[in-house]
Amino acid sequence: MSEKIPMERHNYDVLVIGAGGAGLRAAVEAREAGLRVAIICKSLFGKAHTVMAEGGIAASMGNVNDKDGWQVHFRDTMRGGKFLNHYRMAELHAKEAPDRVWELELWGALFDRTGEGKISQRNFGGHEYPRLAHVGDRTGLELIRTMQQKIVAMQQQDKKEHGDAESYLKVFAEVTITEVLKESGKVTGAYGYRRENGNELLFEAPAVILATGGVGKTFKITSNSWEGTGDGHALALKAGGNLVDMEFLQFHPTGMVWPPSVRGILVTESVRGEGGVLTNTTGERFMFKYIPDVFKDKYADNEAEADRWYLDQDNNRRPPELLPRDEVARAINAEVKAGRGSPHGGVFLDVSKRIPAEVIKKRLPSMWHQFYELAGVDITKEPMEVGPTCHYVMGGVEVDPDTAAAIGVPGLYAAGEVAGGMHGSNRLGGNSLSDLLVFGRRAGAGAVEYVKGCQSVKVSDASIKDAAERIAAPFKRTGGENPYTLHQELQEITHNLVGIIRTKSELQDAIEKIAAIRKRIENVAVSGDRLFNPGFHLSFDLDNMLLVAESTAKSAIVREESRGGHTRDDFPVMDPKWRSQNNISSFNGKEVVVKQQKLPKMPNELFDLFDIDELEKYLSKEELPNNAGVRS
Amino acid sequence: MSKRVKLRIWRGDSKTGALKDVEVEANEGEVVLDVIHRVQATQMGDLAVRWNCKAGKCGSCSMEINGKPRLACMTQVANFEEGETITITPLRAFPVIKDLVTDVSFNYKKAMEVDSFTPPAGLKAGEVRMAQVDVERSQEFRKCIECFLCQDTCHVIRDHEENKKSFAGPRFFIRLAELDMHPLDILKNRKQKAQAEHGLGMCNITKCCTEVCPEHIKITDNAIIPMKERVVDVKYDPVRWLGSKIRKREGIV
């Protein structure tokens, strides 16, 4: 390819990479403050992975049970994360989530309603009260469409006022960003290419917000769409940022297991929230055997009480099917390993015996559809087969909680799944959509404040040349590695060696094998030209996924305990020593390096929200401040 | 249990192209998108196809399979006869970029032309009250995953490029109906605008859009026909027509 590749040059105040819930919310905030904003979508506008969120958005509006409040939500979030969350993020999230949900209504969202006409809220794993605002089981679609339409509304306003809809807020669809650019230690923009034709793009912008979502495609069985290739995680590492606690991956307990082509597709937790029960092949409702000590006072240990809870939540404990996701995933894994699994290697999840068919179709329409069309199963009549699927990464870019600024990289921000800290070692269902909006808005506001104090930025010709050369490289090699094959090999490694249950020897093996693939990707060659070429696109995704997998494996091998989304066969229990430690990954240009860092200390007023008996289950004596916590 | 399937895939760009025959393995339960991916990974590394979720939720993998507009992720290979060749072509109503990927920017332009949701001034966050029964009508249309299969199949634009300028298409008729029925939206002239600016009158209710909708939205019965009926009411009822002229009402609710 000797012909000159065209390069477009753009200049903005804020560049948002990612057009899911977090990216769009950040863009709205920055535009409302009067800045010029560009939004990068890796796929078409409105297709982001947010669209796949099903169950709902957690916010303590108290519409169904008025005992709910931010303090209760905060407590549940910290418990769910096994006290490894950044307390400040969990606090901001719990306090601001209701405003973010209500604001969606003013932008046109139509949530399901209570009898009084308020936003309805449903039960979900780990949430003490019904807390998830929802639209059937397609809440993510409602969120993404509302945000998309809000962006269009702002563009229409700009057209009225400035004559051009895209003068202040422009969406660049089907663009891959390959590099965040810096000069003298500060962010100056980003470089990438149009997926449609391979033409290159330079964005000069003093602030760049990463909102690129997760890393699921690193794994073989995942609920994530193709976009979940850890782009923002890798961009941040390469720009000098840190990733925090990348060992924590959430395996959602209920993915489809059959047929093979749909393996991993999400079966919403709402199925259990609405009364679905898990059974093994002997018909046993097995979750009663798997209630951990820390949750014994909150979860029913017998069927009668669990069933009564659906009618009277004040006087009964919750069914154990609604334990946090890490607990349920491990339980399913154990049942299958013990030979009590379903024919296709999962367990049974059944709503048909508890809920009338018409109610199932109304409350869980896309689940009905999904099983009927893809598996030939009618969930109103028969049970589903389900098993764990890689769903969410709790780890992510280390940020300042209030502004979402990436630590160590002036001008870089991160919000949503790509950011770390908020969910600790395990995320509660419903806390992701609210996270997107709360921290998307904060990242937008953080970038606005930062840009106010900035001069205009300029990217040097040398940086442009380097970035362009990296994009051209895969075409210059011939007879090299096939990117699809390498991707499959990486997925096998992560699935087999860094999966739901881990051991030291396997992790060591994984680290060596990932390093070997890293060598081989230097040799990736792609056929064809730059016109919409998926092999070419994958070669960049692959580079990102490898960095993420390396960070995950290296963090997992040092954390010698089991907590949340990190289970070590050789260290099967929580260790209070590790409760106070974050694993911080950085990149030295050659490999990922992991070091430990102490968690920030929670202020006393937040300690006081907990019962001291509960705190003692997680924290060592030295960590508990004097007189903190309430003795019941 | 894997078997061989025969595919005939359109390959080309905006200028030229042709159908190419390939054979590929298919496993039990697989959908057309699975076998396209296998072709991509093993035989045609640069075969262009859009997809995201592979679960029927994002509406990216729209294409024509044996001439029918469908989502490739929701089309089972087992639905075809043993030995049958499955022909896979790009959406016909939109210009080809490459292979199975088309330029769907038409739809984003049309989205920009629909007046946005307009709530009453002073509406306060957290104070909204709406009955479930009132939100349900619009909720049906908000199930739309923007796969644009309805746009692709609609004969007003499928082979009539010249109509695209004045016709928004079924996707945007349900958007207009959604806003028209939205309990909080205060713009009163949406039906009239649908007729005057978005080409509602060009639809002659063949229901092709409803047939291809993967979300089973009753596009024609629940959105297009009710809007048409009420536009006609105003337009042809002499008393209401006069009323609308005299009082300069923006529209009739």
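The values are calculated or read from the model by the stated rules, or taken from the named source; none is laboratory data. These numbers come from a predicted model, not from an experiment. Using ideal geometry, Cβ is built from the backbone for each residue, glycine included, and neighbour counts are taken over all protein chains shown. Only protein heavy atoms, including side chains, enter the accessible area calculation; ligands, DNA and RNA are left aside. Shrake-Rupley method; radii C 1.70, N 1.55, O 1.52, S 1.80 Å.
Could you check the range A:47-66 and list, in sequence order, the residues that are within 20 Å of residue A:19 (Cα to Cα) and within 13 Å of chain B (Cβ to nearest Cβ)? Answer for the range A:47-66, where residues must be within 20 Å of residue A:19 (Cα to Cα) and within 13 Å of chain B (Cβ to nearest Cβ): A:47, A:48, A:49, A:50, A:51, A:52, A:53, A:54.
Among the candidates A:118, A:95, A:82, A:4, single out the residue that is within 30 Å of residue A:583 (Cβ to Cβ) and surrounded by fewer than 23 Cβ atoms within 10 Å (Cβ to Cβ).
Going through A:118, A:95, A:82, A:4 in turn, the sole match is A:95.
Go through the range B:71-99 and give me each residue that's within 13 Å of chain A (Cβ to nearest Cβ), open to solvent by 20 Å² or more (accessible area, probe 1.4 Å) and over 23 Å from residue A:42 (Cα atoms). Within the range B:71-99, B:76, B:78, B:79 qualify.
Only one of these is free of Cβ contacts under 8 Å to residues at least 40 places away in the same chain, farther than 25 Å from residue B:49 by Cβ and surrounded by 16 or more Cβ atoms within 10 Å (Cβ to Cβ): A:514, A:493, A:500. Name it. It is A:514.
Being buried (at least 20 other Cβ atoms within 10 Å of the Cβ) and within 30 Å of residue B:138 (Cβ to Cβ) holds for only one residue in A:171, A:215, and it is A:171. Selection over the range B:123-139 of residues that are open to solvent by less than 70 Å² (accessible area, probe 1.4 Å) and either over 26 Å from the mean Cα position of the chain (by Cα) or within 7 Å of another protein chain (Cβ to nearest Cβ) (or both) gives a count of 10. Residues that are part of a strand (DSSP E or B), touching a residue at least 24 places away in the same chain (Cβ under 8 Å) and of a type in the set (Gly, Ala, Ser) occur at least once in the range A:207-216.
Here is a check on your reading of the model: is residue A:607 over 27 Å from residue A:333 (Cα atoms), open to solvent by 30 Å² or more (accessible area, probe 1.4 Å), in contact with a helix residue (DSSP H, G or I) (Cβ under 9 Å, 6 or more places away or on another chain) and of a type outside the set (A, V, I, L, M)? Walk me through it before giving the result.
Working: over 27 Å from residue A:333 (Cα atoms): yes; open to solvent by 30 Å² or more (accessible area, probe 1.4 Å): no; in contact with a helix residue (DSSP H, G or I) (Cβ under 9 Å, 6 or more places away or on another chain): yes; of a type outside the set (A, V, I, L, M): yes.
No: the conditions fail for residue A:607.
Summed over the range A:554-590, residues that are part of a strand (DSSP E or B) and either at pLDDT below 95 or open to solvent by less than 30 Å² (accessible area, probe 1.4 Å) (or both) total 7. The helices (runs of 4 or more DSSP H) falling completely within the range A:243-349 include none with 1 or more residues that are within 14 Å of chain B (Cβ to nearest Cβ), within 30 Å of residue A:558 (Cα to Cα) and polar (S, T, N, Q).
Screening A:563, A:559, A:530 for residues that are in contact with a Phe, Trp or Tyr (Cβ under 8 Å, 6 or more places away or on another chain) and within 14 Å of chain B (Cβ to nearest Cβ) leaves exactly one candidate, A:530. Selection over the range B:12-29 of residues that are within 12 Å of another protein chain (Cβ to nearest Cβ), surrounded by 17 or more Cβ atoms within 10 Å (Cβ to Cβ) and part of a strand (DSSP E or B) gives a count of 1.
Yes or no: the range B:30-38 includes at least one residue that is under 27 Å from residue A:525 (Cα atoms), in contact with a Lys or Arg (Cβ under 6 Å, 6 or more places away or on another chain) and either part of a strand (DSSP E or B) or free of Cβ contacts under 8 Å to residues at least 40 places away in the same chain (or both). Within the range B:30-38, not a single residue is under 27 Å from residue A:525 (Cα atoms), in contact with a Lys or Arg (Cβ under 6 Å, 6 or more places away or on another chain) and either part of a strand (DSSP E or B) or free of Cβ contacts under 8 Å to residues at least 40 places away in the same chain (or both).
Can you tell me which of B:165, B:110 is open to solvent by 20 Å² or more (accessible area, probe 1.4 Å), more than 8 Å from chain A (Cβ to nearest Cβ) and under 27 Å from residue B:67 (Cβ atoms)? None of the other options fit; the residue is B:165. Restricted to the range B:49-70, and to residues there that are away from chain A (no Cβ under 12 Å) and either of a type in the set (A, V, I, L, M) or assigned to a helix (DSSP H, G or I) (or both), the residue that is surrounded by the most Cβ atoms within 10 Å (Cβ to Cβ) is B:63.
Going residue by residue through the range A:135-151, is there one that turns out to be touching a residue at least 24 places away in the same chain (Cβ under 8 Å), away from chain B (no Cβ under 12 Å), under 20 Å from residue A:273 (Cβ atoms) and in a loop (DSSP other than H, G, I, E, B)? Taking every residue of the range A:135-151 in turn, none turns out to be touching a residue at least 24 places away in the same chain (Cβ under 8 Å), away from chain B (no Cβ under 12 Å), under 20 Å from residue A:273 (Cβ atoms) and in a loop (DSSP other than H, G, I, E, B).
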